[in-house]
Each structure stands twice: as C-alpha cells, then as structure tokens.
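Just so it is clear, none of the values below were taken in a lab; they were calculated from the coordinates. Being a predicted model, the structure only gives us computed values, none of them experimental. Neighbour counts are summed over all protein chains in view; Cβ atoms, including those assigned to glycine, are modelled from backbone coordinates with ideal geometry.
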Amino acid sequence: MTITARTPLWVAAPALLAARSDDFFGRWRKVLKSFDLEDIHDLRVSSRRLREGCALFAPVYSANLSGVGRRVRKVTRLLGALRNTDEALLFFRKLAAALPEPCGEGLGVLIARQDVLRENERQRLAERFKNLDSGKTRSAFTLTMARPFVFPRPDLAVDPFTPLGSFAAAALEQRFTHLLALVPAACREGEAAAQHTLRIAVKHYRYRIEILSFLIATGYEDIHAAVKAYQECLGTMHDLDVFSEMVRREGLSPEVECVILNAIAEQRTMCFARFTELLGEHPFELIGEQVRGAL
C-alpha cells in the first residue's frame, strides 16, 4: 500500500504503525538470540519510535493502544539500565586514562563497581526478556492496530477521514510548539533540568519527523541532521551531569574528586558551547519553518 498526504488517517495509521512494530519485534527477536550491545541499543531506539507512533496516532484509536504502548515502555525501561552502565564505563575508562594519578586509581574503583553492576544488569535483562512474551505482546498490538476508528465520533479529537498530510502538519506543529517553549530556559548554561527537559522534547520531535519523513518533500536530510545534532548535544550534557553525581557519591578524597569534577565540567562547558553554536547555525524557529514549508 502506498501512503500519501491524501490518504485518510484511518487508513494510514495502521500501515505506518505496522512498519514501526515490524521493526521493533524484529529487533526484539534479534536481542533474544544475541544480547549484543549494539542490538540492545537498536531495540531501545526502536521501542521509542514505536511509542511515539502510538502517541501520534492515538486520536483514532481506543485506549487499548495506550495499553499496548505501556508494554513497549517496559522494554524501553529494561534496556535503559544496561545502556546507562555501558555509557558510564566508556566515559570513565577514557577519563581515567587522561587524568594523572591518583585520579586513575580512584576512578578504577568506580569502574570496577560499574563492571559488576553491568554484569548484574545483563543477567537481569536476560532473565526478564525470557519471561516477557513477545508473541503475546505482538498479537495484542496487531489486533489493536488493525482497528482504528473509521467514522467520526463526538469523543474523537480528529476526523478519521482527515488527510494524513493535514493531520501530520498539525501533529508536528504540536510537538514543535511544546519544544520551542522550552528553549529560553535551556539557553542558560546552569539550567541542567531545563536542558534535560528540552532533550526529551527534541527526541520526541525527531521520532515524529522520522515516522512522517516520506511526507517531507524537500530538505528532510538537513532537517533531520539538525534535530539529531541537538538531541545528541543535549544528551551528552545530561550524561555528564549524571557522571558528576556518580563521582560525588563515590566517596573519593576531596582533592581527587575536585580534579575529576573539573574535568567533567570542562567537557560540559564545551558541549554547551556547541549547543549555543547550533542555536546560531540551525535555530529551532528555522527548523519549524522548514518543516512547515516542506509538508
């Protein structure tokens, strides 16, 4: 089936959700066989895209779609702990090699603890995944996905016969308006919480753009690259904030802790400078205009 901007929403929604669910459940099967780190990361991203698809098309479905979406969210959360530990190990090993002793020794203790935690998380993930019934989850999702509301109802926020193009423009604008309101607070370097909130909003906007990418006539690659750059930059800042808290909880000597925290702070300052550069090179307002013009 070819989906275009003129396709009615009730026809387009099941087809587009099917593409996302096929990717998700295919990657789930792959993880069950390998538990490879790259496969785990890909499954986590796929689960987030599927959840964004559920949120996007929820207006033409019953509450059952949200229920299935919550099952997918359990998978996302299960994978999160292992991802966070892996990111911490990569960061602290690199930092330990760059800093003088006794910082390396202090970080060595933290790294050893994270190694143990990672193995525990890996075993926990393997056990939990074996207990999760992917077939049952897929059956529930397929059944729900195939039953969008076909006719207008008083309790529906959108007419199921709305052309996909019109629906997509409004849905992307909704995410963008929320995102744009978060930018001023995130532009202040010390506002870590605001930057984290903006990161989440950018992530949702990116996934929504990806789902609807075939409707963006021109400039999609540039738009996607800019949004992805923002997400990665803001994500790195958030990781650095988390790493700083890990160091503070480690009980290192004040002198060693100070050197390590200063090194992390230096990286964060550089990352925030990159965020500021992005605001000048690819202002969010311009990205919004590009998306509106391309639909």
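What's the whole-number percent of alpha carbon pairs in the stretch 233-295 lying beyond 16 angstrom? Display every interim value, and only then the final one.
On the way: 1112 of 1953 pairs.
Beyond 16 Å sits 57 percent of the P(r) for the stretch 233-295.
What list of whole percents do you get for P(r) of the chain, with Cα-Cα distances grouped in 10 Å bins up to the one holding the largest distance?
6, 24, 28, 25, 13, 4, 1
Based on Cα coordinates alone, diagonalise the gyration tensor for the stretch 1-101, multiply each eigenvalue by 5, take square roots, and list the semi-axes in whole Å, largest first. Intermediate results must be reported in sequence, preceding the final value.
Details: eigenvalues 255, 36, 35 Å².
Largest first, the stretch 1-101 gives 36, 14, 13 Å.
Using the Kyte-Doolittle scale, which helices in the chain average at least 0.0 and also have C-alpha atoms spread 20 Å or more along the helix axis, with helices defined as whole DSSP H runs? Present the calculation step by step, with values, prior to reporting the outcome.
Details: long enough: 9-34 (37 Å, 0.17); 37-57 (30 Å, -0.30); 64-98 (51 Å, 0.05); 103-131 (42 Å, -0.76); 164-186 (33 Å, 1.01); 192-211 (29 Å, -0.27); 220-248 (42 Å, -0.16); 254-281 (40 Å, 0.35).
Correct list, ordered by number: 9-34, 64-98, 164-186, 254-281.
Report, please, the projected area of the stretch 163-295 averaged over directions, based on the convex hull of its C-alpha atoms, in nm².
Working: hull surface 33.1 nm².
Computing the convex hull of the Cα atoms and averaging its projections yields 8.3 nm².
For Leu279, Leu9, what's the fewest-to-most ordering of other Cβ within 10 Å of each Cβ?
Lowest count first: Leu279, Leu9.
Can you pick out the pairs among Lys130/Lys228; Lys33/Lys203; Lys74/Lys203 whose Cα atoms lie more than 21 Å from each other?
With Cα atoms farther than 21 Å apart: Lys130/Lys228; Lys33/Lys203.
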